[in-house]
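The values are calculated or read from the model by the stated rules, or taken from the named source; none is laboratory data. Being a predicted model, the structure only gives us computed values, none of them experimental. Glycine gets a Cβ as well: all are built from the backbone with ideal geometry, and neighbour counts include every protein chain shown. Remember, those area values only see protein heavy atoms, side chains included, never the ligands or the DNA or RNA. Shrake-Rupley method; radii C 1.70, N 1.55, O 1.52, S 1.80 Å.
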Amino acid sequence: MLAEQSSIENPPPLARQETVQVVSRLLKQAPPGEFNEAFSDLRLLVDNDSMMSEEVPSFYAIHNKDHFIPVKTEGCEVLLTRHNELEENRFLDPQNQVSFKYDHLERKPTDFQAHPEEDMKGEQWRRELHEALKAYVGNHYSKGLCSVFVKDTAVRKMFVACIESHRHRPSAFWNGLWKSEWTFALAPASTSTEVTGTITVQAHYFEDGNIHLTVTQDVEETLLVTDEVQTARDFVKLVEKAEDKVQSGLMEEYSKMKDTYLKSFRRQLPITHTHVDWDKIVTAKIVEARSIQ
């Protein structure tokens with residue numbers, strides 16, 4: 001019985017691979033712009049510097065690709081995703097037709113090389129989609145970036161469009177991220193195709209509290225396929241409609257929360273409807289205590 005109780009109070013330590021998996025899952029939940037802080041806290045909890053030092057490059061790589069980290073340099077502007085990773089730590093910028101190595105720890109691209117696209121037909125579709133989506137992002141996001149990728153298979157071309165916009169304001173105690181990913185396929189005789197998308201919104205407010213918001217909305221819509229230009233326009237209209245719906249839903253929900261849940265969190269005013277002057281009360285108590293003495 002005593003041995004059983006001891007094992008419950010002091011469970012055996014996790015194996016290395018299990019620890020890595022747990023840390024990786026926790027880091028995926030790190031708020032936008034706060035990966036370093038989350039990693040530092042977990043490093044103290046795990047108490048295994050050797051393992052954490054060895055695994056940190058892979059942790060950063062997963063985070064950067066999951067969050068669509070933007071890369072902006074002269075002659076290169078693209079999002080880091082699993083869709084444009086050519087090999088480990090080497091990525092493609094299809095719009096500028098270059099590839100580069102990326103240091104996830106330093107967040108720095110190096111070793112740029114020309115990477116021309118051989119499939120000109122697929123590239124023509126991709127460029128029309130990119131230009132239309134870029135115009136939409138420029139009109140709807142103050143600091144947004146998009147990338148469109150094409151993958152050729154034996155019978156069809158797969159297109160993946162990604163959007164990312166973030167605002168990191170730790171000095172004002174908040175960080176936020178909006179990202180979305182859209183996928184559809186085109187076969188030679190396609191007249192329509194199914195578009196699947198995922199919109200993700202994350203926010204963290206941490207002034208005198210700790211409030212997390214994570215919203216994920218899946219989308220499925222049918223897209224008519226005509227020529228490159230018109231299909232790109234229709235695709236962007238589909239994206240705009242879906243993202244507007246998510247934003248409107250968030251604003252409506254926030255309006256409800258403001259008058260219900262958030263209101264109940266606040267300290268209610270006393271019957272006098274004025275704030276309590278605690279300093280004045282404390283001073284009065286001190287004066288009263290001295291007069292008694």
Exercise. Are any residues in the range 85-114 assigned to a loop (DSSP other than H, G, I, E, B) and either open to solvent by less than 60 Å² (accessible area, probe 1.4 Å) or free of Cβ contacts under 8 Å to residues at least 24 places away in the same chain (or both), and if so, which ones?
Worked result: Glu88, Asn89, Pro94, Gln95, Asn96, Gln97, His104, Glu106
For this session: Please report, ordered by residue number, the strands (runs of 3 or more DSSP E) entirely within the range 139-233 with at least 2 residues that are touching a residue at least 40 places away in the same chain (Cβ under 8 Å) and either touching a helix residue (DSSP H, G or I) at 6+ places or on another chain (Cβ under 7 Å) or among the aromatic types (Phe, Trp, Tyr) (or both).
Result: 144-152, 157-169, 174-186, 192-205
For this session: Just name the residue that is modelled with the highest pLDDT out of those in the range 167-183 that are hydrophobic (A, V, I, L, M, F, W, C) and farther than 18 Å from Leu80 by Cα.
Result: Trp174
Problem set entry | Residues that are touching a helix residue (DSSP H, G or I) at 6+ places or on another chain (Cβ under 8 Å), part of a helix (DSSP H, G or I) and open to solvent by 20 Å² or more (accessible area, probe 1.4 Å), drawn from the range 21-44 | Ser24, Leu26, Lys28, Ala38, Leu42, Arg43
For this session: Kindly indicate the residue of the range 184-209 that is among the β-branched types (Val, Ile, Thr) and open to solvent by less than 60 Å² (accessible area, probe 1.4 Å) and also nearest to Lys121 (Cα to Cα) among those meeting that condition.
Result: Thr193
Problem set entry | Single match in Phe91, Phe59 (criterion: aromatic (Phe, Trp, Tyr), modelled with pLDDT of 90 or more and within 25 Å of Ala203 (Cβ to Cβ)) | Phe59
